[in-house]
Amino acid sequence: MVRSGPIRSQSVPMNDLALEIAATAARLVVEEGLAFGPAKHRALKELGLPARTALPTNDVVEAEVRDYIALFCADTQPGELLALRELARVWMQRLAEFRPHLGGAVWQGWATRLCDVDLALFCDDPKSAEIALINQNQRYETQTVRGLHGDDVEVLSLHSFCEALDEDVGVHLRIYDLDDLRGALLPDAQGRSPRGDLAALERLLAA
């Protein structure tokens, strides 16, 4: 069920306004599966704000997402997160030779059934992962997105059936050079590792 966002006052202070945008964006992330960027811009439209309004940071939106989940999805989200992490483990085991690291919402712990699995692969040969998918008879699509250090990175995207959720889940494989691995593990602004390898995921599952 989609829930309406907060009602905006015409005299909302800027810091409160940023939180209001973040709260509205968080609802869109959880209820509609939008990424943070599109959710923030949709929030501006829903709140009737100018397109040039200053947007909250992703960290602020993530905090609101966690609050929203705790308030509205506490009974369903843990099971959905577990299912997605188990699916991530399957693909990390399948692609173990490419040093897979899990990132995004599934790694950070706020994923719901609308989220995709985001894996980074660190390859000696950038084409080797694609060849592996072909050998596994996997159908996939390719695209280019912004990756580490702001550089373009190729992404192999496929759908994988998740039995626990009884539906297909998107799995995105970001293809990096092996040399990129060290920089990929630098902590974020909150001191968290932005991604983890299979051993780290196993520890989360065991916990």
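General observations
- Restricted to the range 84-164, the set of strands (runs of 3 or more DSSP E) holding at least 1 residues that are closer than 18 Å to LEU178 by Cβ comprises 101-103, 117-123, 152-162.
- Enumeration of residues in the range 40-65 that are hydroxyl-bearing (Ser, Thr, Tyr) and under 19 Å from the mean Cα position of the chain (by Cα): THR57
- Filtered residue count, the range 145-163, keeping only those that are more than 19 Å from the chain's Cα centre (by Cα) and surrounded by 10 or more Cβ atoms within 10 Å (Cβ to Cβ): 0
- Cross-chain or 6+ apart pairs with Cβ under 7 Å, the range 53-68 first and in contact (Cβ under 8 Å) with a residue 60 or more places away in the chain, then surrounded by fewer than 17 Cβ atoms within 10 Å (Cβ to Cβ) and of a type in the set (A, V, I, L, M): ASP59/ALA189
- Considering the conditions (1) closer than 30 Å to ALA25 by Cβ; (2) surrounded by fewer than 21 Cβ atoms within 10 Å (Cβ to Cβ); (3) not basic (Lys, Arg), VAL90 is excluded by exactly one of them, (1).
- Among (1) surrounded by 11 or more Cβ atoms within 10 Å (Cβ to Cβ); (2) in contact (Cβ under 8 Å) with a residue 24 or more places away in the chain; (3) not charged (D, E, K, R), the one test that THR142 misses: (2)
Every number here is computed from the coordinates shown, using simple stated rules; none is lab data. Just so it is clear, the model here is predicted, and its values are computed rather than measured. Glycine also receives a Cβ, built like all others from the backbone with ideal geometry; neighbour counts cover every protein chain displayed.
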